[in-house]
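> I am attaching a structure below and will ask some questions about it afterwards.
The values are calculated or read from the model by the stated rules, or taken from the named source; none is laboratory data. Computed from a predicted structure; not experimentally measured. Quick reminder, even Gly has a Cβ in these numbers, built from the backbone with ideal geometry, and neighbours come from all protein chains shown.
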Amino acid sequence: MRHGKKFNHLGRKSAHRKAMLSNMACSLIEHKRITTTVAKAKALRIYVEPLITKSKTDSTHSRRTVFSYLKQKEAVSELFREVAPKVADRPGGYTRIIRTGNRLGDNAEMCMIELVDFNELMLEGKQEKKTTRRSRRGGKPSAKPQTTTEEVEVSAPVADVEETKTEEKKVDDTSSENSDSSAEGEEKKEA
């Protein structure tokens with residue numbers, strides 16, 4: 001039984017699978033983007049991302065370790081020379097899988113797998129986009145300019161201002177009467 005074993009064998013013996021993943025990783029490092037099936041791309045991502053992480057430290061030991069997986073001198077030198085400096089500040093997630101539909105011959109699900117930092121079109125789009133914080137709680141103040149009290153006094157006639165003051169006093173008087181009557185009602189209930 002194979003319970004809990006997440007490795008995809010891709011329908012191949014181990015030697016064939018290792019050789020295929022090594023060749024695909026070298027092609028990905030060389031061309032920065034390749035087209036393949038989704039299953040192979042997911043297996044390749046698991047295979048190549050630890051190698052890219054290992055390439056961040058440029059030492060003889062890490063070069064030999066990566067060479068034991070890739071088995072191509074040119075791919076190793078390209079990985080350490082070009083790819084590693086670009087991904088130095090990225091903490092993982094060096095590849096992106098973009099699904100492209102199904103293949104005509106056997107209807108296999110196809111995709112492109114690419115190195116994230118080498119897609120110039122998406123990098124340009126990221127730089128132009130400004131991040132804005134969106135919140136539903138409050139909104140921006142109204143776009144209309146707020147008038148100050150000085151402007152109101154200048155623009156409104158004096159009679160109107162006096163009327164509004166007397167109306168405010170009437171509202172205050174009625175509210176105090178209501179509170180007095182409710183207090184009297186409570187006293188009657190207590191007695």
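> Considering only the stretch 98-114, state which residues are assigned to a strand (DSSP E or B) and either over 15 Å from Lys42 (Cα atoms) or out of contact with any Asp or Glu (no Cβ under 8 Å at 6 or more places or on another chain) (or both).
Thr100, Gly101, Asn102, Glu109, Met110, Cys111, Met112, Ile113, Glu114
> Hey, can you tell me all the residues within the stretch 58-101 that are among the small types (Gly, Ala, Ser), free of Cβ contacts under 8 Å to residues at least 24 places away in the same chain and touching a Lys or Arg at 6+ places or on another chain (Cβ under 7 Å)?
Of everything in the stretch 58-101, just one residue is among the small types (Gly, Ala, Ser), free of Cβ contacts under 8 Å to residues at least 24 places away in the same chain and touching a Lys or Arg at 6+ places or on another chain (Cβ under 7 Å), namely Ser62.
> Looking at the stretch 62-83, can you tell me whether even one residue there is modelled with pLDDT of 95 or more, closer than 22 Å to Lys40 by Cα, among the basic types (Lys, Arg) and assigned to a strand (DSSP E or B)?
Scanning the stretch 62-83 turns up no residue that is modelled with pLDDT of 95 or more, closer than 22 Å to Lys40 by Cα, among the basic types (Lys, Arg) and assigned to a strand (DSSP E or B).
> Given the criteria surrounded by 17 or more Cβ atoms within 10 Å (Cβ to Cβ) and closer than 12 Å to Glu114 by Cα, does Ala75 qualify?
no
> Related question: Considering only residues of the stretch 45-67 that are under 18 Å from Pro91 (Cα atoms) and of a type in the set (Gly, Ala, Ser), which is surrounded by the most Cβ atoms within 10 Å (Cβ to Cβ)?
My answer is Ser55.
> Still on this structure, I have one more. Considering each residue of the stretch 10-44, count those that are in contact (Cβ under 8 Å) with a residue 24 or more places away in the chain, in a helix (DSSP H, G or I), among the hydrophobic types (A, V, I, L, M, F, W, C) and surrounded by fewer than 17 Cβ atoms within 10 Å (Cβ to Cβ), and give that number.
The total comes to 2.
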